[in-house]
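For reference, the structure discussed in these notes is given below.
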Amino acid sequence: MSRLGNLGARLYRGEVGYDFVAKRMLWYGVSILITITAIVGLGVRGLNMGIEFEGGAVFTTPKTSASVQETQEIAEEKSGHAAIVQQLGDGGMRVQISQVDTAKSTQVKAALAEELGVKDADINAQLVGPSWGEEIANKAWTGLAIFMVLVVIYLAIAFEWRMAAAALIALIHDITITVGVYALVGFEVTPGTVIGLLTILGYSLYDTVVVFDGLKESARGITKQTRYTYSEIANRSLNGTLVRSINTTVVALLPVAGLLFIGGGMLGGGMLNDIALSLFVGLAAGAYSSIFIATPLVADFKERDPEMKALAKRVRAKRLKAEERAEQDPSDAPAEGYEDRPDEDEDDESDDDAPATAAVGGQRDGAESPRAQRRQPANRSRGRGRPSGKRR
Amino acid sequence: MAAPKKGRRSTGAQGKPGRALLLILLAMVALVGGMFLSGHTKPRLGIDLAGGTSITLEAKSQPGKKDAINQTNMNTAVGIIERRVNGLGVQEAEVQTQGDKHIIVNIPKGSNEKQAREQVGTTAELNFRPVLTYAQAENPEPKPSPSSSGGSGKPGDKTGDEPSGTPDDKTGAESGDASGDEKATAGSSDGATTQGRAVTEGLRPAAATDDESPKPSGSGKQSESPKAPEPTPSAPAPEGVPASLQKQFEKLDCTTKEGKADAGRIAAQADDGDPTVGCDSEQPVKYVLGPVAVEGKNVSDANAALDQTRGQGWIVQMSFDGKGSDAFGKVTGELSKKQPPQNQFAIVLDGEVVSAPSVNERLVGDAEISGKFTQQTAEDLANILSYGALPLTFQESDVTTVTAALGGEQLNAGLIAGAIGLAVVILYLIAYYRGLSLIAIVSLLFSAVLTYTIMSLLGPTIGFALNLPAVCGAIVAIGITADSFIVYFERIRDEIREGRTLRPAVERGWPRARRTILVSDFVSFLAAAVLFIVSVGKVKGFAFTLGLTTLLDVVVVFLFTKPLMTILARKKFFASGHPWSGLDPVRLGAKPPLRRDRRTSTRSTDHPKEA
């Protein structure tokens, strides 16, 4: 753990780091691939809707000696679909089986009668409508649409529209992947699945917002410095919050993994598994997309901004100049650090968060790093020497 | 230097963390105590986990509406029943069609079954019809209790203000008295009962004039005439009443249950455009009613209220949508010009006249039904009215108990798996955060206790039922709650890496962590709020759980975790950066707090890093 703790510190200072933003095309590609697989899976296999959505058949049996568990096994075996079995007050069973039409219903009825040892005529078979009717679905869609609009407006105000757009794309990405996995695995979609999807929707946005909050803080006053481009600052901010992201994901995923693997293993199926699977896939996708998709997307959007373009230009020009000078007179290098100071003085925030030297260490070559590192303490001390340096 | 100064400031606010902790501990003790006192120590479980009652409703075919029982109407009925039984949306009741003409309603264990049965079965077709004429029910032996002639306006409820003055009131002294003060309800109903009896016995117009009405009588909200109309029990058919209807009217027996039921059927089946007859729901009074003036579907909302000003007890207030408002204004405007009894309109619910107030001026906006409501009956009626009428009439064909749809093993497996998951989470937190994990674990436990208690208490109060998806949602909420601590801890550690000591780090890390927590929880809460308002059924139940856990997250972090952190930061174990505290500056790679010359410090920091 101590190594992990050190890693946190080094991530924080930007000594180590993974260059999420620069390698974004790779991750975009991975995501597009997964999403396409999910969509194809969805298109080919389709979703296996449960009785709650599609309706099915309901069989009411007279009093039997079989237990609920046995009846359920029989019903599922004979019909090949998920069955819901409830015991009624008079000792009889109510067996609901999805995707059973009239013809099949007679067949299942006969099988049930035989297995349960009751007369065929005593079993009452009827088609049953969905309990999760169209109205619930329609209202849920309306609610989602309203929520999406509101959350985009909120994010556009609290952050900016680029982040809102990126968060939305990440959200769609997560939901598509989860639904696709569902289609591929072939689990029956139950209300539990839908609730799981809604939970993911909340979580995915939550996670993205936490990451964006760090990004916003890092990028404050970015135009007043010329050391880093927006992408570099975004990357640094990502690495800074990486520990938090990993910890949160682990903490959120562990109990769900428990539900999926232990709970599911104990029962070998059922609603618990349905929910846990959608949650597990969705939470993992949500954590992944906040880091690998959402933030790089924001960086992409931002770099198109004229202001940021100008900044990137300035940064490049400056680096070029520094390099030239370094070539001309290597001994002059330390002095270069001080040259930055006027900039730093103007922007306390970026001094605060974006400063650290080898922020972009992952992508810069070694020749530059030592100089950058030497520059750091100087800045630090300046910032720390002034009580008002840090503002909240 | 910044750090010590900040530190001193936070020391100045030392009383605060203790107070916040005390406050929330008190709240928790109160909640837990309340839970044990009320005896509801377990959350009410949904039908998937605990089973419940299953009610089967059969659509009754009505003569003249043969094709009424079709898929569309059944689905509409399912939707309406769903909203009625789910009231606040957290009851987790399930409604579905079965076969061609049955609807199954499953309600979780522990619901008020009787109430639910009444709620699902009532058709609740509401109409406003003008009264053409009315009469005392022709019955030689009226029962003494449900008595009084109907039809009069509310005693003394004059145009909102001035409840006492009823100068132009023919009803006379008694009504005036009754309305004079808060005792009105008691006074008027007492008086009326005796009065009413006299009337029914004698059926004299004179007596009737004197009568006042304790029976449910609707009234326009702002202005309602106290005017008791001249009842004309034996009067010849007024204009506009066709002879056939007059005959029907004469035959109508509103004194017996069967008679009322028959009358109800006649009235319920009458076309909206035709006049019809009807019985009063409580008094033996019968009416000839004009064509429907305002339809119940134009009622946009209904709610129960306790009428304070006029002392009528519980009433049901209705507001109309645009169309309803216009129609209501128009019909009251016309009625107000007419002579009694034709200045009354009847509120007809499922074929029964629940009230028939008289009007003396044009009314707009709201209407209300008053009567002998208790809080419960008023709320039930309001609930039924706000979700509209069923397109069909239903009869209960079967009521039975059902066992859990998922069986206990699902819940048990879920709980065991959740517990194992939680244990692993705790191990991870201890391994990573060491001493700090103590705060995280205590906060998590605290949050779990709060969630459990509140869910248990919400069972009996608003009928909140916990189903399996909600249990899973609560498990995910662990992650979101833990995230708040993690965000905060990481901030503190970042501050320590900057070279601060613990106490300033705790105080400086907080505002930034707080903003992150608030911004992200707001998004979750927004999702919960929108879904709760817009959606129905299980989605609504989910939204409720999400909103609840999000709010609790904020409460716990603000009132528990932060104060606890502040207090523990003073302890030597944490403040000195003990290796097991999780806040060891060396381990965190903090920069040494002392600096002399820039160059020197440069070298000194470079060294440990490279080592």
For the list (1) modelled with pLDDT of 85 or more; (2) under 17 Å from A:R244 (Cβ atoms); (3) facing chain A (nearest Cβ under 7 Å), I need the number of the one condition that B:R514 fails. (3)
Of all residues in segment A:181-203 being under 14 Å from B:G541 (Cβ atoms) and hydrophobic (A, V, I, L, M, F, W, C), the one that is surrounded by the fewest Cβ atoms within 10 Å (Cβ to Cβ): A:V194
So if I check each of B:A423, B:A404, B:A474, which one is outside any loop (DSSP other than H, G, I, E, B) and either facing chain A (nearest Cβ under 8 Å) or free of Cβ contacts under 8 Å to residues at least 12 places away in the same chain (or both)? B:A423
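This table checks each residue for (1) part of a helix (DSSP H, G or I); (2) more than 14 Å from chain B (Cβ to nearest Cβ); (3) within 23 Å of the chain's Cα centre (by Cα); (4) modelled with pLDDT of 80 or more.
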site	(1), (2), (3), (4)
A:G8	yes, no, yes, no
A:V30	yes, yes, yes, yes
A:A57	no, no, no, yes
A:R94	no, no, no, yes
Among (1) more than 9 Å from every other protein chain (Cβ to nearest Cβ); (2) assigned to a helix (DSSP H, G or I), which single condition is A:L260 missing? (1)
What single numbered condition from (1) at pLDDT below 75; (2) within 28 Å of B:Q395 (Cβ to Cβ); (3) touching a helix residue (DSSP H, G or I) at 6+ places or on another chain (Cβ under 8 Å) fails to hold for B:A267? (3)
Could you check segment A:210-253 and list, in sequence order, the residues that are among the polar types (S, T, N, Q) and either part of a helix (DSSP H, G or I) or at the interface with another protein chain (Cβ under 8 Å from one of its Cβ atoms) (or both)? A:S218, A:T223, A:S231, A:N235, A:S237, A:N239, A:T241, A:S245, A:N247, A:T248, A:T249
What residue, among those in segment B:306-317 that are in contact with an Asp or Glu (Cβ under 8 Å, 6 or more places away or on another chain) and modelled with pLDDT of 80 or more, is surrounded by the most Cβ atoms within 10 Å (Cβ to Cβ)? B:V316
B:L392 vs. criteria within 12 Å of chain A (Cβ to nearest Cβ) and either surrounded by fewer than 23 Cβ atoms within 10 Å (Cβ to Cβ) or touching a Cys at 6+ places or on another chain (Cβ under 7 Å) (or both): no
Of the conditions (1) of a type in the set (V, I, T); (2) at pLDDT 85 or above; (3) within 19 Å of B:V519 (Cβ to Cβ), A:V181 clears all except one; give me its number. (3)
Please go through (1) over 24 Å from A:Y206 (Cα atoms); (2) assigned to a helix (DSSP H, G or I); (3) of a type in the set (K, R) for B:R493 and return the number of the only condition it doesn't satisfy. (1)
A:Y154, sole failed condition from (1) at the interface with chain B (Cβ under 9 Å from one of its Cβ atoms); (2) in contact with a Phe, Trp or Tyr (Cβ under 8 Å, 6 or more places away or on another chain); (3) touching a residue at least 24 places away in the same chain (Cβ under 8 Å): (3)
Do you know which residues across segment B:517-544 are surrounded by 24 or more Cβ atoms within 10 Å (Cβ to Cβ), closer than 30 Å to B:E94 by Cβ and at the interface with another protein chain (Cβ under 7 Å from one of its Cβ atoms)? B:S524, B:A527, B:L531, B:S535, B:G537, B:K538, B:V539, B:F542
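The values are calculated or read from the model by the stated rules, or taken from the named source; none is laboratory data. This structure is a prediction, so every number in the text was calculated from the model and none was measured. FYI the Cβ positions are ideal-geometry reconstructions off the backbone, even for glycines, and counts take in every protein chain you see.
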